[in-house]
Amino acid sequence: MVGAAKIPVEVLRADSTFATRLHPALVPQKAAEYAVAARIGDYTDFYASIHHATTVGRLFRPDNPLLPNYKWVPIGYHGRASSIRVSGQEFQRPHGRSCRRGGPAELSPSQRLDYELEVGVFIGAGNTLGSRVPIGRAEAHVFGVCLLNDWSARDVQAWEYQPLGPFLAKNFATTISPGS
């Protein structure tokens with residue numbers, strides 16, 4: 001994390017001079033309530049690498065997995081911030097339209113649910129709408145990082161993906177590592 005103070009682990013020892021001051025602020029791990037580390041008002045999910053883009057592309061376009069614009073613009077979709085939950089919570093299997101084995105499209109629970117383990121980046125300092133953040137200043141906008149599970153209903157996604165991208169297949173759950 002940018003600008004984080006490093007605290008030596010020795011201050012947590014019972015015989016530390018800091019122990020009496022720290023004790024009231026500490027919570028036993030069994031009693032800790034894990035939560036999403038920040039209030040998330042918005043998020044965008046990007047392909048992290050050419051390998052990520054190609055692998056996902058193969059699911060929907062086996063003969064042409066990497067679209068030509070990948071190398072020129074960041075490819076992503078706007079996510080549903082209200083779907084972000086801390087890892088370990090249960091959620092309902094999504095329902096959506098899909099077309100199985102060439103039959104008619106039907107509304108049913110997803111049969112091809114999966115997730116991708118990704119890295120989430122919290123952006124703390126924003127910028128004015130329409131203004132650019134120079135690449136040399138990008139790190140100053142990073143507040144922290146987390147592990148992120150990007151959940152997908154792949155059968156629903158295959159049906160709704162073209163031409164505008166994911167909708168119901170991607171907006172039902174995103175889970176992140178907890179802050180406490």
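So here's what we get for this one:
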quantity	calculated
Whole-percent pair-distance distribution, where bins are 10 Å wide, for the alpha carbons of the stretch 98-180	15, 31, 27, 19, 8, 0
Full-stretch length increase - Arg80, Ala14 - with 0.36 nm per residue and alpha-carbon distance subtracted	19.4 nm
Among (i) 70, 40, 28; (ii) 66, 40, 30; (iii) 53, 31, 29, the entry that matches Cα extents along the principal axes in Å as calculated here	(i)
Degrees separating the helix 50-60 axis from the principal Cα axis of the chain, which is the longest one	40 degrees
GNM flexibility winner over the chain from Gly41, Gly57, Gly88 (Cα, springs under 10 Å)	Gly41
Ranking by accessible area, most exposed first, for Thr54, Thr20, Thr174 with a 1.4 Å probe	Thr20, Thr54, Thr174
Normalised contact order of the chain, rounded percent, pairs of Cα under 8 Å and 6 or more residues apart	25 percent
Charge dipole magnitude, Cβ of K and R +1, D and E -1 - the chain, Cα centre, debye nearest 20	180 debye
Selection of trypsin sites (Lys or Arg not before Pro), the stretch 107-180, meeting DSSP coil and at most 13 other Cβ within 10 Å	Arg132
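The values are calculated or read from the model by the stated rules, or taken from the named source; none is laboratory data. All of these numbers come straight from a predicted model, not from anything done at the bench. Note that we place each Cβ from the backbone using ideal geometry, even for glycine, and neighbour counts take in every protein chain shown. Heads up: the accessible areas ignore ligands, DNA and RNA and are worked out on the full protein's heavy atoms, side chains in. Shrake-Rupley method; radii C 1.70, N 1.55, O 1.52, S 1.80 Å.
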